[in-house]
Amino acid sequence: MRRTIPRYAVAFVVAGLVVLIDQASKAAALAGLSETERIPVLGDLLGLQLAFNPGAILSFGSEATWVLTVIGVAAVVVLFIGARRSRTTWWAVGIGFILGGAIGNVLDRLLAPPGFGRGHVTDFLAYGNWFIGNLADVALGIGFVILGCGLWIRRRRMAHRDVGEAQSAGAGMRGS
């Protein structure tokens, strides 16, 4: 008899891998990058430069780091519950990426300087002159794209199924 892996396990494995990769990349950035020098990777489009973000995306909320920490911890709890309730593999993978990204950034907020709950997120992926992010942010984006695509595909399948059922019902009525 073949046992299947529970979908929530898929979510937790993806999340765990994201956290490991994110934290390892941040450790490497802390060891090898500078806040004052940008290393070009793709010309001016993408580079490596160390930054510490007390806020959220685009440094929003930089004066309320502890509030962002509380929101982040709450989001991790909600995502954990969502992962436990995964009914499809695509949902589990998408939630896993989002959960892993959220945990990666919450760990910084909880443990990084300047102090517990007020930590600054370590960023190092410089996107032109727009913003600097990290692999946890990339994982969040990947997770949202997976969930969005999965929901779009599901909706299209349901619409096609409804059309097929309506056509079958119409054909049955004509044959009577």
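Read the figures in this text as sums done on the coordinates, not as results from a lab. Predicted, not measured: the structure shown is a model, and the values here were computed from it. Methodologically, a virtual Cβ is constructed for each residue, glycine included, from the backbone with ideal geometry; neighbour enumeration extends over all protein chains shown.
Percent antiparallel among DSSP beta bridges with both residues in the range 7-174, to the nearest 5?
Here the share of antiparallel DSSP bridges comes out near 100 percent.
Would you indicate which of [x] 15.9; [y] 11.1; [z] 12.1 is the value of mean projected area of the Cα convex hull in nm² derived from the coordinates of this structure?
After the calculation, the listed value that fits is [x].
For the residue pair residue 73 and residue 158, what label-to-label distance in nm results when each label sits 7 Å from Cα along the Cα-to-beta-carbon direction?
If labels sit at residue 73 and residue 158, their model points lie 3.6 nm apart.
Let's test the formula: R0 of 25 Å, r as the Cβ-Cβ distance of residue 3 and residue 144. What FRET efficiency results, to the nearest 0.05?
0.20
Taking K and R as +1 and D and E as -1, what net charge do the other residues with C-beta under 14 Å from the C-beta of residue 46 add up to?
Neighbourhood net charge equals -2.
For the pair residue 84 and residue 63, what calculated FRET efficiency results from E = 1/(1 + (r/R0)^6), where r is the Cβ-Cβ distance and R0 = 35 Å, to the nearest 0.05?
0.50
Which angle from 0 to 90°, rounded to the nearest 10, does the C-alpha axis of helix 65-84 make with the longest principal axis of the chain?
That helix lies at roughly 30 degrees to the long axis.
Under the 0.36 nm per residue contour assumption, what length would be gained going from the current alpha-carbon distance of residue 44 and residue 131 to full extension?
The span from residue 44 to residue 131 would gain 30.1 nm if fully extended.
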